[in-house]
C-alpha cells in the first residue's frame, strides 16, 4: 500500500477536513491510543520484564497473576505470562499487519483491474473472487496449513490469500463507478496509458475505501491468526502468539482462568482498536460501506 | 434481465466446475488422506491400507478420479461417505436441520435486536444509547467467537448453572422447551456478531432515509414519526437487508462452525470439520459444492436486489 | 476374582495390580476358570435405567467387520458377540463358543494348524433367527472377500477349508501355525449370514446403518453427529443386560466432555477419557467415581533410525538420559501415566519388569556425546562428520499436553547442544504416509502395540514390517535386529504361554538396549462414572471402556 500512497497527491484526499473529522471521532482516537500503547508495550515491555519468554520453570507453573514479579502469572510450563503476552503481541501484530498489506495489495490490483477493464477480464476476475469466497475459509486454511509447514511467514501468506476478496470487491465497485467520470474520460482522450489511468488517476480517488478496508483487514487478520493458532495449525510453539497462547488454555478455564482471559482480552483490545480506527476513517473519508 | 440471468447462469456453472476441480485437487494433494486414521492401528498392515485404497478407488490417477466423481454428480449421484457409507446428500441433510435451527434462531434474534438498536441509535443520534450501541457493536465484532463461547460456558454453566453446557437437547427429553433451553447460550453467542452487523447497518440506513426528501415532506405533512419510521425507513431498508442476508447465505456452512464445536451442536460446521479431519473426500466435496452453490445464489440475490433498488447500477 | 460382584466403584489401582497378578498366574492355561463370562451381578430382573457414555469421536461404523476406529468398538461389543472375549486379566473366555480351544483340549492340533470350535446352541439373532456355525463361516469368509472393505485381514488370510461340521461346530485349517489368532478372534464379531449373505454389495448394505447382532443390546436409533441409542436385548443368552438403554454421545471437545460429566449430562466418560489436568479436580466431585485405569497404549519419543543423527546408539542413549521423565509424568501429566521401559503393558502376562531403569542424568548424556565424538560446532549445536545434531519433532496438533512435553524437552536438549525443532501436523496428515513411510525425524506417539492381549509385535518391530522399505507392517522406526526378527517369528508359532513369555522377555530386553524409540510411559485412563453405576470393569485388553456394558446396572 505504501507504494500506492507514494504515487498519490496527499493534498487531494487527505485534506484537513478529513483529518479534523477523524480527530473529532473519539473512538478512533481511543483506538489509536490503545494500539499505540500495545505496540509500544510489545516493543519495549520484554526488555523491562525480568523473564525470558521461552524459559521453562516447572516449579513456577500456574502461578496466579501478581505472584512476585509475574504480573500476569505463569503458564502451564512456568513461563512468565506477561513477557509471553508481549512477545506474542509482536508476532500477532506483525502477522496481522503484513497479512493486511499483502491482502490489500492483491485485492487492490484485482479490484482496479477488474473494475476498469470490465468486460470478460472483469467478469473472469470477479468470478475468481467469487470462487475464492465459495471455499469456506477453514477449508483453505486447513488445506494450506497441512501442505505448507507453518512458519510466521507462511501463516501471513495463508491469511492474505484467504482474505483479499473483500478488498477486491470494494475496490472493483468503486473503480467501476469512477470509470465513466469526466476526469477519466479526459485522461483517456489525452492518450494516457491504461496503467497510468488505472493507478495514477483512478486509484487515488478510491483510496478512501481501500484505507478503511485495510484498517478492518488488520483486525480480521489478527482474529484469523488467533483462530488458526487456536486450532493448532498456526504459529508453532515455542514461539508465542496470542492465538497459540489460547490453544490449550481452555482446559484450564476453571483452574487457571487467567490463561484464557488475558490473551483473549489482548486480542479483543487490538482488534477493537483497529475497528475503532476503521470506523473513524470511514466517517472521516466519507466512505459508504455499511457491511464490512 | 433474462439475458443477465442467462449470462450469470453460464458464469456460475463455469465457477462451479473450477471450484470443484481446484477443491478436488487441493483435497487430494493434501498429505495424509482417508486411510491415515488407521496409521496407529496395531493390527492393520501396509497390505490392508493398500487394499482399502484400491477398494475406495484412491489408487487411480487423480484426473480419472475427478472425472468419475463429476460424471456421477451429473447423474445425481453425490457418492457415499468413506466413514459410514451413507449417501452424501443424506449426510448433509441430517446436519442441515440442526444448523438451520441454530442459525435461524440467532438470525431472528439478531434482526430483531439489531433493527431496534439501529433505528433507536439513528433517531437518538449521539445519545448515550447510541454511543453505547456503537462501542458495543465494535467490541462485539472484535471478540473471538470461540473465546466468547468459552467465557459464556464458564459463567452461565459452570458458575451460575443456568443453561446446559452444550448439546441440542437432553437425550430422552427433546420437548420444545428443552430445545429452547439448549438454544439460549449458543444462539446468543452466535447472534452477537450479527446483532453488531445488523444494528450498524440499520443505523446507517435509517440515517440515510431520514435525510431523504420524502421523509422531510412526510414530516411537513404532519405524519407521525412512528409511521414515518415504519413505512419509509424500514420499508426502504428492507430490500438491502435481503441483499445483506443473501451475502450471508454461505455462512450457513461455516458461520456456526466455532459455535457448533464449542457447544457440541450437531450441525453442518461440525460435519465439515469432522469430514475434513477424516479426509472423507466425498462428503467434503459435497459440502464444497453445496457451499459454492450458496455463494452463487447469495450473490445473485444480492445483485438482483441491489439493481432493483438502485437503478443507477447496471447489471453486468 | 470371582468375588468381583461387589461395587466396582471402589476399584483402585492396587486392585487392578492385584488382579493382574492373579490373571498372570492363571495365564492362558485356565480359560474356563470363570466358568461364565464375568457377568454375574445382583440387579433387578427387568432392565431399567439408561447410561449415557460420552465419547470424543463419533462412532460411525456399525458393521464390525468393516474398517473402523477404536471408538466404534463400544457399539460392536454391545450389539455383537465374538467367538471369545478377553477379560481384564488377559484370559480369553468363551462367548459364542462353549470353550476356548487349545492344544490340551484338542481344539487346536499339536502342530497348531487344525482348529475346531464348538458353539452355543441357545443363541438367537435380534430378529429371532437362530445363530449357527454357518454364520461363523460366512463371517470368516467375508473378511477375506476382496470386494469387501474389511478391517484387519492379518491372521484371517491364513484360514483354509472352513468347514461347518454341525450347526454348533466348525473347523478350519491354518496355512501356518499362528498363535496370536486366538486373540484376533476376540475382536472378530460374528455377523448374520441370513441378512448380509443376500446383499450384492455388503459395503453399502442397510445393515451397516442398522445392525442386527446377537449381543446384549439391540440397535435403536442414531442421530448422526450427536448420539446413538441401543436398547436391552431381553432375550440375551447370557446374564444381563441390566440397563434398558445404552447411549453413546459424541462430544468432540475434551473440555466440554469433562464439563458435561461434571454437570451430569453424561454418566460415564469414554474415550479419550478425562484429561490428566482435570484429574485432581475430578477426584473431588461429589457423586462421581474417578479412577485411574491402565490402558495398553504406550507413549514414546519415536525415532527414525535411518536419519543420520539417530543411527548411532550413543545419540539415542544420550537423548534418553536427557529426558526428565519424572517431571513429565509427575509435573506435566499430574502423575496420571506410569513410567515404563517397554511397549508391553504392565498388566500383561508378558511384561518384563527386569529391564534397566531409566535415569535422568544430563552429565551422563553430555559425556556419552563427548565420547562418541559429537562435539559442539556452529551455534553450539553438536556435530559429527558433518552431521548436525539437529532434528524436527512432530506430533498431532491440538494436543496441549504433548506440546508442553515437546517444549520442555526442547529446552533440555538445547542445554546439551542438541537442536530440536517443533513442527506439528493435523492427525489426518500426521498418520498418513508421513508416519507410514517414515518421513519424520522424530515423533511423540502413543499407541498400543498389542492386539487383544497377544504379545506378538511383529507388525511393529520385525524388519519385514518396514513400510518405507516395501515392508507390509508399521515398523516406522525402521528398526532392524536379526535376533529380534528370529524371536518374533518363533513367538508367533509358539502356543505355550511360558515358552512365549521367555521369548518376549528377550525381545523387550533387546529393544530396551537398542532404543529404536525412547520409552516414556504407559497410559492410564482417568475414568469417570456416576456413583450408582455398578458392574463397570475396565479392561486394558480391549480398546473400549464399554466392552461389558451387559454387566452395568444402576443401584436402585
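The values are calculated or read from the model by the stated rules, or taken from the named source; none is laboratory data. Since this is a predicted model, take the numbers as computed values, not measurements. Please note: Cβ atoms are built from the backbone with ideal geometry, for glycine as well, and neighbour counts cover all protein chains shown.
May I ask you to verify whether residue A:30 is in a helix (DSSP H, G or I) and surrounded by fewer than 20 Cβ atoms within 10 Å (Cβ to Cβ)? Walk me through how you get there before you give the answer.
Working: in a helix (DSSP H, G or I): yes; surrounded by fewer than 20 Cβ atoms within 10 Å (Cβ to Cβ): yes.
For residue A:30, the condition - in a helix (DSSP H, G or I) and surrounded by fewer than 20 Cβ atoms within 10 Å (Cβ to Cβ) - is met.
Is it the case that residue B:107 is at pLDDT below 85, away from chain C (no Cβ under 11 Å) and buried (at least 16 other Cβ atoms within 10 Å of the Cβ)?
Yes; evaluated as a whole, the condition is true for this residue.
Can you pull out every residue in the stretch B:136-166 that is within 7 Å of chain A (Cβ to nearest Cβ), more than 23 Å from the chain's Cα centre (by Cα) and surrounded by fewer than 18 Cβ atoms within 10 Å (Cβ to Cβ)?
Result: B:158, single match.
Within the stretch A:240-271, can you find the residues that are modelled with pLDDT of 80 or more and under 17 Å from residue A:145 (Cα atoms)?
A:241, A:243, A:244
Results for (1) assigned to a helix (DSSP H, G or I); (2) within 21 Å of residue B:11 (Cβ to Cβ); (3) at pLDDT 80 or above; (4) touching a helix residue (DSSP H, G or I) at 6+ places or on another chain (Cβ under 6 Å), shown as yes or no for each residue.
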{"residue": "A:124", "(1), (2), (3), (4)": "yes, yes, yes, no"}
{"residue": "A:141", "(1), (2), (3), (4)": "yes, no, no, yes"}
{"residue": "A:145", "(1), (2), (3), (4)": "yes, no, no, no"}
{"residue": "A:154", "(1), (2), (3), (4)": "yes, no, yes, no"}
{"residue": "A:172", "(1), (2), (3), (4)": "yes, yes, yes, yes"}
{"residue": "A:177", "(1), (2), (3), (4)": "yes, no, yes, no"}
{"residue": "A:183", "(1), (2), (3), (4)": "yes, no, yes, no"}
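Output yes when any residue across the stretch C:196-209 is away from chain B (no Cβ under 14 Å), farther than 30 Å from residue A:251 by Cα, surrounded by 24 or more Cβ atoms within 10 Å (Cβ to Cβ) and modelled with pLDDT under 95, and no when none is.
Looking for residues that are away from chain B (no Cβ under 14 Å), farther than 30 Å from residue A:251 by Cα, surrounded by 24 or more Cβ atoms within 10 Å (Cβ to Cβ) and modelled with pLDDT under 95, one finds none in the stretch C:196-209, hence no.
Looking at this structure, is residue B:190 modelled with pLDDT of 80 or more, in contact with a helix residue (DSSP H, G or I) (Cβ under 9 Å, 6 or more places away or on another chain), more than 14 Å from chain C (Cβ to nearest Cβ) and buried (at least 21 other Cβ atoms within 10 Å of the Cβ)?
It is true that residue B:190 is modelled with pLDDT of 80 or more, in contact with a helix residue (DSSP H, G or I) (Cβ under 9 Å, 6 or more places away or on another chain), more than 14 Å from chain C (Cβ to nearest Cβ) and buried (at least 21 other Cβ atoms within 10 Å of the Cβ).
Taking the condition modelled with pLDDT under 85, in contact with a helix residue (DSSP H, G or I) (Cβ under 8 Å, 6 or more places away or on another chain), more than 14 Å from every other protein chain (Cβ to nearest Cβ) and part of a helix (DSSP H, G or I), does residue A:45 pass?
yes
Within the bounds of the stretch C:528-550, is there any residue that is assigned to a helix (DSSP H, G or I) and free of Cβ contacts under 8 Å to residues at least 40 places away in the same chain?
In the first step, residues of the stretch C:528-550 are kept if they are assigned to a helix (DSSP H, G or I); the result is C:549-550.
Now restrict to residues that are free of Cβ contacts under 8 Å to residues at least 40 places away in the same chain: none.
The answer is no; no qualifying residue exists.
How many residues does the stretch C:430-464 contain that are at the interface with chain B (Cβ under 7 Å from one of its Cβ atoms), touching a residue at least 60 places away in the same chain (Cβ under 8 Å), touching a helix residue (DSSP H, G or I) at 6+ places or on another chain (Cβ under 7 Å) and in a loop (DSSP other than H, G, I, E, B)?
1
Which members of the stretch B:256-284 meet the condition of being assigned to a loop (DSSP other than H, G, I, E, B) and under 18 Å from residue B:294 (Cα atoms)? Steps first, answer last, please.
Taking the stretch B:256-284 first, the residues assigned to a loop (DSSP other than H, G, I, E, B) are B:256, B:263-267, B:278-280.
Selection gives B:256, B:267.
Determine if the stretch A:186-199 includes at least one residue that is surrounded by fewer than 22 Cβ atoms within 10 Å (Cβ to Cβ), out of contact with any helix residue (DSSP H, G or I) (no Cβ under 9 Å at 6 or more places or on another chain), more than 14 Å from chain C (Cβ to nearest Cβ) and outside any helix (DSSP H, G or I).
Yes, because at least one residue in the stretch A:186-199 is surrounded by fewer than 22 Cβ atoms within 10 Å (Cβ to Cβ), out of contact with any helix residue (DSSP H, G or I) (no Cβ under 9 Å at 6 or more places or on another chain), more than 14 Å from chain C (Cβ to nearest Cβ) and outside any helix (DSSP H, G or I).
Mind counting the residues in the stretch B:5-33 that are under 30 Å from residue C:460 (Cβ atoms) and either more than 8 Å from chain C (Cβ to nearest Cβ) or assigned to a helix (DSSP H, G or I) (or both)?
Selection size over the stretch B:5-33: 2.
So which of B:27, B:101 ends up being in the same structural domain as residue B:258 (by TED's automatic domain parsing) and within 22 Å of residue B:250 (Cα to Cα)?
B:101
Restricting attention to the stretch B:197-217, which residues are more than 27 Å from residue B:140 (Cβ to Cβ) and at pLDDT 80 or above?
Residue satisfying the conditions is B:217 alone.
Can you spot a residue in the stretch B:271-294 that is surrounded by fewer than 21 Cβ atoms within 10 Å (Cβ to Cβ), within 30 Å of residue B:205 (Cα to Cα) and at pLDDT 80 or above?
yes
Take residue C:176 and tell me if it is more than 9 Å from every other protein chain (Cβ to nearest Cβ) and at pLDDT 90 or above.
Yes; evaluated as a whole, the condition is true for this residue.
I'm trying to understand the selection: among the residues of the stretch A:257-279, which are in contact (Cβ under 8 Å) with a residue 24 or more places away in the chain, surrounded by fewer than 21 Cβ atoms within 10 Å (Cβ to Cβ) and either within 9 Å of chain B (Cβ to nearest Cβ) or more than 19 Å from residue A:88 (Cα to Cα) (or both)?
A:269
Being part of a helix (DSSP H, G or I) and in contact with a strand residue (DSSP E or B) (Cβ under 7 Å, 6 or more places away or on another chain) is the filter; apply it to the stretch C:69-110 and report the residue that is farthest from residue C:132 (Cα to Cα). Before you say what the answer is, go through the steps one by one.
Looking only at the stretch C:69-110, we keep the residues that are part of a helix (DSSP H, G or I), and these are C:70-79.
Those left that are additionally in contact with a strand residue (DSSP E or B) (Cβ under 7 Å, 6 or more places away or on another chain): C:71, C:74-76, C:78-79.
Details: C:71: 28, C:74: 24, C:75: 22, C:76: 19, C:78: 19, C:79: 17 Å.
Out of the qualifying residues, it is C:71.
One residue is enough: does the stretch C:232-244 have a residue meeting the conditions at the interface with another protein chain (Cβ under 8 Å from one of its Cβ atoms) and in contact (Cβ under 8 Å) with a residue 24 or more places away in the chain?
There is no residue in the stretch C:232-244 that is at the interface with another protein chain (Cβ under 8 Å from one of its Cβ atoms) and in contact (Cβ under 8 Å) with a residue 24 or more places away in the chain.
Determine, yes or no, whether residue B:33 is surrounded by 20 or more Cβ atoms within 10 Å (Cβ to Cβ) and in contact with a strand residue (DSSP E or B) (Cβ under 7 Å, 6 or more places away or on another chain).
No; evaluated as a whole, the condition is false for this residue.
Anything in the stretch A:216-243 that is under 17 Å from residue A:83 (Cβ atoms) and free of Cβ contacts under 8 Å to residues at least 60 places away in the same chain? List them, or say none.
Listed by number, the list holds a single entry, A:237.
May I ask you to list the residues in the stretch C:483-498 that are assigned to a helix (DSSP H, G or I) and within 22 Å of residue C:175 (Cα to Cα)?
To start, the set of residues in the stretch C:483-498 that are assigned to a helix (DSSP H, G or I) comprises C:483-493, C:497-498.
The answer is C:485, C:486, C:487, C:488, C:489, C:490, C:491, C:492, C:493, C:497.
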